[in-house]
Structures are given as C-alpha cells and as structure tokens.
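Student: Structure incoming, see below.
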Amino acid sequence: MSQPILDTFDRKHTYLRISLTDKCNLRCTYCMPQEDMQFMPSKWLMQADEIQTLAGIFVDMGVEKIRLTGGEPLIRKDVGQIIQNLGKLPTSLTLTTNAVFIDQFIDDLKNAGVRSLNVSLDTLNEITFKSITKRDHFNKTLDSIRLLISEGFVVKINVVVMKGINDNEINDFVRLTLNEPNLHVRFIEFMPFNGNKWEMSKIVSYNDLLTDISTQFEFEKLEGELQDTAQSFKVNGGKGTFGIIGTVTHPFCAGCNRIRLTADGKLKNCLFDTTEIDLLTPLRGGEDIRSLIYSHFHKKHFAHGGHIDFTAKEAKADYEQNRRMIAIGG
C-alpha cells in the first residue's frame with residue numbers, strides 16, 4: 001500500500017467523493033440556479049474504466065469509503081456498471097441521490113454491498129418541493145425512500161434549510177425519526193456557491209436549528225468521530241436520529257478527511273477551495289498521478305479552502321470564483 005494522504009495539519013484523508021456527472025433531473029435553486037445550464041461534454045467526463053482506475057489508486061493510498069455524487073449520479077447510462085465495479089474494491093461504497101430513479105438500481109446496490117444512502121429531500125410539502133426543484137417528483141421521491149427502507153437500506157435524508165422557504169418544516173422532519181430506526185435526517189446549512197444568491201440572512205444556523213427543535217422535542221447529543229460532518233442527536237425514545245451539518249457557522253474542518261473528484265477528473269481538497277488539479281489528463285497519458293495527489297493535499301488550507309469568513313464583506317468575491325455546486329459534486 002502507498003503512503004496515506006496527509007496534509008500539513010496531519011489530517012489523514014480516507015473518504016473519496018466521486019462526482020459522476022454535472023447533470024441532474026432536478027433544478028434546485030441552491031445547487032443549479034439556472035434552467036439553461038451549460039453542461040460538460042461527455043468526452044470531458046471520466047469514463048467507467050477511468051473511474052475504476054482512479055478509485056483503485058485512492059484505495060491503495062488509504063481511502064476507506066467512496067461516495068458517488070452528481071449532479072444526480074443515477075442519470076448516467078453506465079452507472080450500474082460503475083456501481084458494480086466499485087463494489088469490488090476493498091472499501092465501503094455509498095451514494096447521494098434524489099432517488100427518483102432508485103427503483104431501477106436496487107439489485108445493483110445490493111450486489112455492490114451498498115447498505116446506506118443519502119437522499120436529498122428539502123421539504124415534505126408537494127407545493128414547496130416543486131418550488132425548490134422546479135420539477136414534479138415529490139411523490140416519487142417519497143415512494144423511493146419507502147422502497148429503500150423496505151429493502152433494508154439505511155436512509156439519510158439531506159435537508160438544506162433556507163429561511164422563509166422550508167424552515168417551518170424542521171420539526172416535521174425530526175418527527176420522521178421517531179419510529180423508524182433506519183431513517184436519519186441531516187439538516188444542512190445553506191452554503192455559498194457561484195450563482196446561488198447566498199446571503200447570511202438566508203441561513204438557519206446550527207444554534208437556531210437546535211433552538212427550534214427543542215421547542216417540541218427533548219433530545220440528547222450522540223458521541224461522534226472527529227471527522228464527522230454532522231453533529232448527531234436522538235430524540236428521547238426515538239428510533240432514528242437527526243444531525244446538523246453546520247458548514248458555515250459550526251465548521252468541522254479540524255477533522256476533515258474528504259477528497260473530492262469532479263466529473264471531469266479534477267481533484268479538489270476542499271469544497272470551497274478554488275484550486276483544482278487535473279488528474280484525468282495525466283492518467284490518460286499513462287502518468288503516475290500519486291505525486292500530484294500528495295502535492296495537492298500538502299497545500300490544503302485548514303478551513304474553508306483558505307477563504308475569509310463567509311460573513312465578511314469580501315466573501316462574495318471569494319466564493320463566486322468557485323464552481324457551482326452542481327459542477328463540484330455534493
């Protein structure tokens with residue numbers, strides 16, 4: 001095995017997130033702000049065999065977990081084969097999806113050893129769903145979550161909370177965790193990216209979420225690991241859990257172990273870092289890319305890609321230089 005991927009803060013990187021595409025069947029405003037998005041040509045994207053090769057290199061360098069993301073990963077025509085290929089590696093495999101097409105891949109997921117999935121669902125209201133996603137797939141998404149649970153999968157629902165849009169549903173989501181041990185809810189602070197009209201005033205913060213939830217539920221904080229993105233909690237007597245990913249107001253950078261690979265084969269060492277390195281071109285040229293990976297992570301900043309605090313006046317110029325969320329991978 002190669003040497004592990006360490007940065008100058010001695011953080012060991014063992015969690016690889018691979019974006020399969022920048023396309024999606026939904027149009028969530030915080031992720032893909034425009035209907036007329038220009039997507040990457042297919043020839044720019046990593047092919048199935050290249051994804052397998054790159055993933056194998058990272059596993060050899062100490063990666064223990066791989067997550068497939070998008071866009072929406074399940075809209076790739078070869079995603080079934082990609083899942084099957086990655087399932088053969090000695091690492092755990094999971095994915096983040098909006099679940100609209102999940103019923104077509106139940107057997108692929110089981111055969112690849114996938115046991116847990118993250119499903120994006122920002123509202124339990126059909127009208128609000130259409131307003132956020134610009135699509136009419138609310139009932140299909142709910143049906144897909146029920147199907148996954150019935151098939152024995154653990155489902156983590158990702159909820160991006162936005163003030164004045166879905167913050168009135170926080171406790172409705174928490175209530176879902178009371179009776180289902182395989183259902184977990186994770187509230188995510190609204191994050192700034194190119195074009196998504198982010199403002200601090202639109203955030204429902206970590207502390208505000210806990211305050212709101214405490215008006216209806218008694219809960220306890222659960223023990224976690226240093227590298228966890230979410231602080232997890234459990235309602236007293238509940239079977240599932242809820243968590244909060246406080247990227248903006250309650251960052252978890254000290255334990256960061258994540259590696260991000262974009263659909264066009266660019267390596268990012270932080271979601272907010274505008275610096276990328278191309279791995280796909282040298283891979284296609286037959287080069288050994290390990291030195292590139294080590295070098296890139298040696299330059300990793302401690303927090304937020306080295307950018308100033310998002311609440312500062314100059315912050316907008318920083319995060320507007322980044323890709324849009326849809327082009328990075330969730």
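Student: Return only the number of the condition from (1) modelled with pLDDT under 95; (2) open to solvent by less than 50 Å² (accessible area, probe 1.4 Å); (3) among the acidic types (Asp, Glu) that Asp309 does not satisfy.
Tutor: All conditions are met except number (2).
Student: Filter the range 235-254 for residues that are farther than 18 Å from Val161 by Cβ and either of a type in the set (A, V, I, L, M, F, W, C) or free of Cβ contacts under 8 Å to residues at least 24 places away in the same chain (or both); which is most open to solvent (accessible area, probe 1.4 Å)?
Tutor: Checked the range 235-254; the qualifying residue most open to solvent (accessible area, probe 1.4 Å) is Asn236.
Student: Considering only residues that are in contact (Cβ under 8 Å) with a residue 60 or more places away in the chain and either assigned to a loop (DSSP other than H, G, I, E, B) or surrounded by fewer than 18 Cβ atoms within 10 Å (Cβ to Cβ) (or both), which ones fall in the range 255-270? Spell out the reasoning first.
Tutor: Applying the first criterion (in contact (Cβ under 8 Å) with a residue 60 or more places away in the chain) to the range 255-270 yields 255-265, 268-269.
Within the range 255-270, Gly255, Cys256, Asn257, Thr262, Ala263, Asp264, Gly265, Asn269 meet the criteria.
Student: Is there a residue in the range 314-328 that is modelled with pLDDT of 95 or more, outside any loop (DSSP other than H, G, I, E, B), aliphatic (A, V, I, L, M) and touching a strand residue (DSSP E or B) at 6+ places or on another chain (Cβ under 8 Å)? I'd like the intermediate steps shown before the answer.
Tutor: So in the range 314-328, the residues modelled with pLDDT of 95 or more come out as none.
Looking through the range 314-328, none of the residues is modelled with pLDDT of 95 or more, outside any loop (DSSP other than H, G, I, E, B), aliphatic (A, V, I, L, M) and touching a strand residue (DSSP E or B) at 6+ places or on another chain (Cβ under 8 Å).
Student: Then there is this: Here's a check for you: in the range 271-306, which residue that is of a type in the set (A, V, I, L, M) and modelled with pLDDT under 95 is surrounded by the fewest Cβ atoms within 10 Å (Cβ to Cβ)?
Tutor: Among those residues, the one meeting the criterion is Ala303.
Student: Do the conditions hold for Thr211, that is, is it buried (at least 19 other Cβ atoms within 10 Å of the Cβ), at pLDDT 95 or above and within 24 Å of Glu189 (Cα to Cα)? Write out each step before concluding.
Tutor: On the way: buried (at least 19 other Cβ atoms within 10 Å of the Cβ): no; at pLDDT 95 or above: yes; within 24 Å of Glu189 (Cα to Cα): yes.
Spelling it out, it is not the case that Thr211 is buried (at least 19 other Cβ atoms within 10 Å of the Cβ), at pLDDT 95 or above and within 24 Å of Glu189 (Cα to Cα).
Student: Consider Leu26 carefully, then state whether it is in contact with a strand residue (DSSP E or B) (Cβ under 7 Å, 6 or more places away or on another chain) and either more than 15 Å from Asn257 (Cβ to Cβ) or assigned to a helix (DSSP H, G or I) (or both).
Tutor: On the way: in contact with a strand residue (DSSP E or B) (Cβ under 7 Å, 6 or more places away or on another chain): no; either more than 15 Å from Asn257 (Cβ to Cβ) or assigned to a helix (DSSP H, G or I) (or both): yes.
No, not satisfied.
Student: Pull up the range 153-205, narrow it to residues that are over 19 Å from the mean Cα position of the chain (by Cα), in contact (Cβ under 8 Å) with a residue 24 or more places away in the chain and closer than 14 Å to Thr29 by Cβ, then point me to the one that is most open to solvent (accessible area, probe 1.4 Å).
Tutor: For the range 153-205, the residue satisfying everything is Lys197.
Student: Have a look at Ser131, Ser150, Ser92 and point out the one that is surrounded by fewer than 20 Cβ atoms within 10 Å (Cβ to Cβ), without any contact (Cβ under 8 Å) to a residue 24 or more places away in the chain and not charged (D, E, K, R).
Tutor: Values: Ser131 fails: without any contact (Cβ under 8 Å) to a residue 24 or more places away in the chain; Ser92 fails: without any contact (Cβ under 8 Å) to a residue 24 or more places away in the chain.
The conditions single out Ser150.
Student: Could you identify the single residue in Asp143, Asp172, Asp122 that is of a type in the set (Asp, Glu) and assigned to a loop (DSSP other than H, G, I, E, B)? Even if it seems obvious, please write down each step before you answer.
Tutor: Values: Asp143 fails: assigned to a loop (DSSP other than H, G, I, E, B); Asp172 fails: assigned to a loop (DSSP other than H, G, I, E, B).
Sole residue among the options that is of a type in the set (Asp, Glu) and assigned to a loop (DSSP other than H, G, I, E, B): Asp122.
Student: Name every residue in the range 195-208 that is closer than 30 Å to Gln38 by Cβ and either modelled with pLDDT of 95 or more or assigned to a loop (DSSP other than H, G, I, E, B) (or both), in order of residue number.
Tutor: Those that are closer than 30 Å to Gln38 by Cβ and either modelled with pLDDT of 95 or more or assigned to a loop (DSSP other than H, G, I, E, B) (or both): Gly195, Asn196, Lys197, Trp198, Glu199.
Student: Looking for whichever is under 14 Å from the mean Cα position of the chain (by Cα) and farther than 30 Å from Glu50 by Cα here; the options are Gly246, Gly240. Which one fits?
Tutor: On the way: Gly240 fails: under 14 Å from the mean Cα position of the chain (by Cα).
When all the criteria are applied, what remains is Gly246.
Student: I need every pair where a residue in the range 6-17 that is farther than 9 Å from Gln227 by Cβ has its Cβ under 6 Å from the Cβ of a residue that is of a type in the set (A, V, I, L, M, F, W, C) and open to solvent by less than 30 Å² (accessible area, probe 1.4 Å), sequence separation at least 6 or different chains.
Tutor: Taking only residues 6 or more apart or on different chains, the pairs are Asp7/Phe297; His13/Ile5; His13/Ile259; Leu16/Phe58; Leu16/Val63; Leu16/Ile66; Leu16/Ile259.
Student: Quick one: Gln227 ticks every box in (1) farther than 18 Å from Ile157 by Cβ; (2) in a strand (DSSP E or B) bar one, so which box is it?
Tutor: Tallying (1) farther than 18 Å from Ile157 by Cβ; (2) in a strand (DSSP E or B), Gln227 fails exactly one: (2).
The values are calculated or read from the model by the stated rules, or taken from the named source; none is laboratory data. Only a predicted model underlies this, so the values are computations on that prediction, with no experimental measurement involved. Glycine also receives a Cβ, built like all others from the backbone with ideal geometry; neighbour counts cover every protein chain displayed. Surface areas here come from the heavy atoms of the whole protein model, side chains and all, with no ligands, DNA or RNA. Shrake-Rupley method; radii C 1.70, N 1.55, O 1.52, S 1.80 Å.
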